[in-house]
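Only one structure is covered here, and it is reproduced in the block below.
Throughout, read-outs are computed from the coordinates displayed, never taken from laboratory work. Keep in mind that this is a model prediction, so the values were computed, not measured. Because the Cβ atoms are built from the backbone with ideal geometry, glycine has one as well, and the counts that use them run over all protein chains shown.
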Amino acid sequence: MKPRPNGTTPLVLDDVSKAIVEQLQEDGRRPYASIGRAVGLSEAAVRQRVQRLIDTGVMQIVAVTDPTQVGFSRQAMIGIRAAGDLRSLADSLADLAEVDYVVICAGGFDLLIEVVCEDDAHLLEFLDERVRSLPGVHATETFVYLKLRKQLYNWGTR
């Protein structure tokens, strides 16, 4: 298998590991014993496989919150046009606490970032002082979220 750009080789998942991932995508708190019954493994074997999937970066198990319910009333997607080393800029953006998503892309923008801020004043300060001041950032376009209608993480496996 061809190595990925970061030098690692993608993990090839067997059907049982894929089924475990899909079980956890449906319910991240599903007990290992229940998953084991569904996929034909012992609880201990499921625990080991889940740990390996986490350790290899195939998946992570986290609590997903609604930002508006925990004090963050402003979310936005920011398109960035840049010059220079995009990977380095992406790493700098990823280090910012407000940023929860960074992607290097093709098209009208070089990078897209999603941010979660306390309010509009926080978003403005973040844009002016933290993003636009980074070396290589030439222009930004901000898409303010008005209402989140769908956010899922259950796309399954291939």
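Side notes on the structure shown:
- For the chain: span of alpha carbons on each principal axis (Å, largest first): 54, 41, 23
- Cβ crowding within 10 Å ranks 130, 149 as 149, 130, fewest other Cβ atoms first.
- Dipole magnitude of segment 8-135 about its Cα centre (Cβ charges: Lys, Arg +1; Asp, Glu -1), debye to nearest 20: 620 debye
- Were the residues from residue 65 through residue 91 laid out at 0.36 nm apart, the gain over their Cα-Cα distance would be 7.0 nm.
- Footprinting exposure proxy ranking of 92, 73, fewest other C-beta atoms within 10 angstrom first, gives 73, 92.
- Selection from 156, 101, 41 lying farthest towards where the dipole of the chain points positive, charges on Cβ: 41
- Taking the square roots of 5 times each eigenvalue of the Cα gyration tensor of segment 15-55, largest first, gives ellipsoid semi-axes of 12, 12, 10 Å.
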